[in-house]
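Heads up, the thing below is written out as structure tokens.
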Amino acid sequence: MQVISTDSDGPFEVLATDLDRDLDIDILFASFDDNKIIWIENEGQGNFGLEKIISIDAGHANSVYATDLDGDGDTDVLSASTDNNKIAWYENDGQGDFGAQQIITTLANRPHSVYATDLDGDGDADVISGSGGDAQISWYENLQTAMSDFTIPNCLIAQDSMFIENSSNFILWPSTTYQWILEDVIISTDKNLQWISPPLGIQSLSLITCTNTSCDTLTKTLKILNFDLDPLPVLQTHIPYTFTNTSEYITNWVWDFGDGEMAEIEEPTHTYTEPGIYELEISIYNLEWGNDCFMQLEYEVMVTDDGTGVSNTSDTGFSLSPNPAYNLITLIRPYPAAEAGFIITDLSGREILRQNLGANSSDEIDIRMLKAGIYFCKIAGSSGVEKLVVVE
């Protein structure tokens with residue numbers, strides 16, 4: 001056995017091919033544990049030199065392939081890396097010197113294999129990947145002709161920042177450039193659009209993609225609404241509450257309060273009659289922009305039967321502080337007996353937490369495991385129940 005190298009950390013797949021056009025068969029491999037793509041030059045007659053790093057950004061690289069991807073006669077390199085779901089390629093200048101990593105996709109869910117061949121009969125090598133995370137075989141057309149593609153919903157709600165992905169599914173050439181244009185103004189030259197404080201209303205959004213041989217433009221209509229519901233407090237039964245909000249470019253509202261009641265105005269006032277946690281659904285529309293311009297938002301509303309959320313069913317012999325609470329509560333017993341058990345149940349009576357108490361006048365109870373909601377508390381063996389409200 002002749003050892004070629006011991007410098008890599010976890011070589012995973014090895015390929016033999018001529019990478020520097022000297023007619024000797026070199027070694028190419030993926031190094032899993034140190035995220036590298038590496039080749040080793042054959043200096044003739046099976047004598048190999050030192051490792052040469054092509055990339056250090058192939059997270060848990062586990063597959064490589066070598067072929068001419070750009071039609072210049074040089075053997076380029078492909079890699080698949082599971083840690084960052086990436087299929088990438090590296091241009092060979094013909095002497096075994098490789099350019100920067102060119103990302104083909106980051107949506108290959110834990111890819112385990114990469115290969116290239118001409119799938120569509122157009123004379124160039126397309127790329128194929130196999131992904132273990134989603135059990136998919138995918139291919140990426142090799143296009144020297146530019147192609148622009150992105151997807152946006154019929155309507156968007158304004159956010160502090162917005163991300164729009166360039167979904168053009170082709171091999172990215174080193175010379176590929178991008179321009180995102182909003183109403184004739186260039187707002188980004190990145191592949192994907194990360195947008196800070198996008199404007200409201202209707203705008204024309206274009207993506208121009210150019211390679212060294214062509215350009216392609218795709219234009220879509222962007223519709224951005226604004227809806228901001230004021231923070232919801234813990235509500236009280238039988239006390240009306242007005243759901244105030246900021247609405248811009250919205251023509252219609254449909255409120256589903258989660259208790260069987262609904263409203264269709266901008267700021268409805270509603271009264272809950274029973275304590276509990278309700279799912280509030282708000283559908284917002286701009287019918288002036290079309291029947292398909294709507295969004296549905298969901299919120300959680302907590303309702304108690306008084307301002308503190310405490311309602312004793314009888315003399316419990318203890319009190320809780322604070323209440324509502326979110327982290328820790330203190331149980332106070334003015335007349336502690338011997339050791340006892342403290343029990344917390346949900347609204348159905350299912351025991352959620354039990355803690356043994358000493359003969360103390362106060363005990364600290366950790367409730368961080370409890371989700372936001374209403375619970376009942378009691379001392380084991382007694383009939384008195386006190387209500388506890390847990391908030392986030």
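The values are calculated or read from the model by the stated rules, or taken from the named source; none is laboratory data. For clarity, every value in this text was computed on a predicted model and none was experimentally measured. Here the Cβ positions follow ideal geometry from the backbone for every residue, glycine too, while neighbour counts run over all protein chains shown. Keep in mind that these areas ignore ligands, DNA and RNA; they rest on the heavy atoms of the full protein, side chains included. Shrake-Rupley method; radii C 1.70, N 1.55, O 1.52, S 1.80 Å.
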* Read through the list (1) within 19 Å of I103 (Cα to Cα); (2) modelled with pLDDT under 80, then give the number of the only condition that S214 fails. => (1)
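Suppose we keep only residues that are of a type in the set (G, A, S) and modelled with pLDDT of 85 or more within segment 170-211. Which one would you say is most open to solvent (accessible area, probe 1.4 Å)? Explain how you work it out, then say what you get.
Restricting attention to segment 170-211, the residues satisfying the condition of being of a type in the set (G, A, S) are 175, 188, 197, 201, 204, 206.
Checking the rest, the ones that are also modelled with pLDDT of 85 or more come to 188, 201, 204, 206.
Working: S188: 16, G201: 2, S204: 44, S206: 17 Å².
The extreme case among them is S204.
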* If a residue has to be under 33 Å from the mean Cα position of the chain (by Cα) and touching a residue at least 40 places away in the same chain (Cβ under 8 Å) to count, how many in segment 253-279 make the cut? -> 4
* Which numbered condition D122 misses (of (1) out of contact with any Gly (no Cβ under 6 Å at 6 or more places or on another chain); (2) charged (D, E, K, R); (3) modelled with pLDDT of 80 or more) -> (3)
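Counting just the residues of segment 338-354 that are over 24 Å from M302 (Cβ atoms) and in contact with a strand residue (DSSP E or B) (Cβ under 9 Å, 6 or more places away or on another chain), which one comes out modelled with the lowest pLDDT?
First, pick out the residues of segment 338-354 that are over 24 Å from M302 (Cβ atoms): 338-341, 354.
Still in the list and also in contact with a strand residue (DSSP E or B) (Cβ under 9 Å, 6 or more places away or on another chain): 339-341, 354.
Details: E339: 73, A340: 80, G341: 85, R354: 90.
It comes out as E339.
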* Restricting segment 90-129 to residues that are open to solvent by less than 10 Å² (accessible area, probe 1.4 Å) and in a loop (DSSP other than H, G, I, E, B), the residue that is farthest from D76 (Cα to Cα) -> A108
* **Residue check, S8 farther than 13 Å from F98 by Cβ and buried (at least 16 other Cβ atoms within 10 Å of the Cβ)** => yes
* Scan segment 328-361 residue by residue and report those that are open to solvent by 70 Å² or more (accessible area, probe 1.4 Å) and under 18 Å from I374 (Cα atoms). => L347, S348, R350, E351, R354
* Can you tell me how many residues in segment 363-392 are part of a strand (DSSP E or B), over 30 Å from Y299 (Cβ atoms) and either β-branched (V, I, T) or over 44 Å from the mean Cα position of the chain (by Cα) (or both)? -> 1
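From L235, L225, grab the single residue that is more than 30 Å from Y375 (Cβ to Cβ) and surrounded by 15 or more Cβ atoms within 10 Å (Cβ to Cβ). Give the derivation first.
Details: L235 fails: more than 30 Å from Y375 (Cβ to Cβ).
Of L235, L225, the one residue that is more than 30 Å from Y375 (Cβ to Cβ) and surrounded by 15 or more Cβ atoms within 10 Å (Cβ to Cβ) is L225.
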* To do: Please specify each residue of segment 48-64 satisfying the condition of being touching a residue at least 40 places away in the same chain (Cβ under 8 Å) and open to solvent by less than 50 Å² (accessible area, probe 1.4 Å).
  => E51, I54, S55, A58, A61, N62, S63, V64
* **segment 65-89, residues that are crowded, with 19+ Cβ neighbours inside 10 Å, part of a strand (DSSP E or B), touching a residue at least 24 places away in the same chain (Cβ under 8 Å) and not basic (K, R)** => Y65, A66, V77, L78, S79, A80, S81, I87, A88, W89
